[in-house]
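The values are calculated or read from the model by the stated rules, or taken from the named source; none is laboratory data. These numbers were taken from a predicted model, which means no experiment stands behind them. Here the Cβ is made from the backbone with ideal geometry for all residues, glycine too, and neighbour counts use every protein chain on show. These area figures cover heavy atoms from the full protein model, side chains too; ligands, DNA and RNA do not enter into them. Shrake-Rupley method; radii C 1.70, N 1.55, O 1.52, S 1.80 Å.
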Amino acid sequence: MSEQPVEGPEEGYAAERDSVARRQLRTRAQRPGVVFGADLLPALSVLSLVTLLGFPLGWIWARLAPPRESTMTPEGELVPVLVESYHEFDGLAVFLLLSSACGVLVAAVVWQLRGRRGPVLLVATVLGSLLSAWLGMRLGTSFAAGMYPVPNTLRPGDLVAVAPRLDTWVGLLGQPMTVALTYGLVASWNGLDDLGRRRG
């Protein structure tokens, strides 16, 4: 009468480890990877469309940013009156608020492109937001200069409203940083390996 070999605890643990390892390998094989080629053209389209948001961004900023009341010095320079120099910060703050709000909206809209969710679309949206902020700063300054022209007949002591300006690169950070933060938070909250790309 032959005896059946009895599995000891070590053999049982080894079999369980092998089973767990096989399940992990199957899970990794089924986990979707980053799609680059198929997402490239839609990502370029998103980048272009987001960049165009710089037009309305600059137009709205030019109407909200406060001008600086300045006076003409005997040397022919325009100097802000009293605390009017603080409006330089006000103009930057208004632009950062507008561009950050635009970034939240852009991230929310781009997230709705379910079939293209992923890092490729995120990078394109952040780059488009950076270009949008740059375009908004340039166009906003031009729009504001057209709204507050400096007369050619100024004399020393005359008061004039000087158009607001955006002379610092800090204004470029609001929209792309807000887009990246909002998109990252939504992706983390989603919690799916493929971000829901394959679910209708």
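Most tightly packed first, judged by the mean number of other beta-carbon atoms within 10 Å of their residues, the peptides 105-118, 181-194 read 105-118, 181-194.
The fraction of accessible area contributed by carbon and sulfur in region 92-133 is 81 percent, rounded to a whole number (1.4 Å probe; ligands and nucleic acids excluded).
Using alpha carbons only, the radius of gyration of region 105-144 set against its Kirkwood radius gives Rg/Rh = 1.14. With 0.36 nm allotted per residue and the present C-alpha distance subtracted, the L105-A145 stretch has 11.6 nm of extension available.
Were the residues from L49 through F89 laid out at 0.36 nm apart, the gain over their Cα-Cα distance would be 11.5 nm.
Modelled this way, with points 7 Å down the Cα-to-C-beta line, the labels at D193 and L181 are 3.2 nm from one another.
A simple spin-label model places pseudo-atoms 7 Å from Cα toward Cβ; at L40 and T73 they are separated by 5.6 nm.
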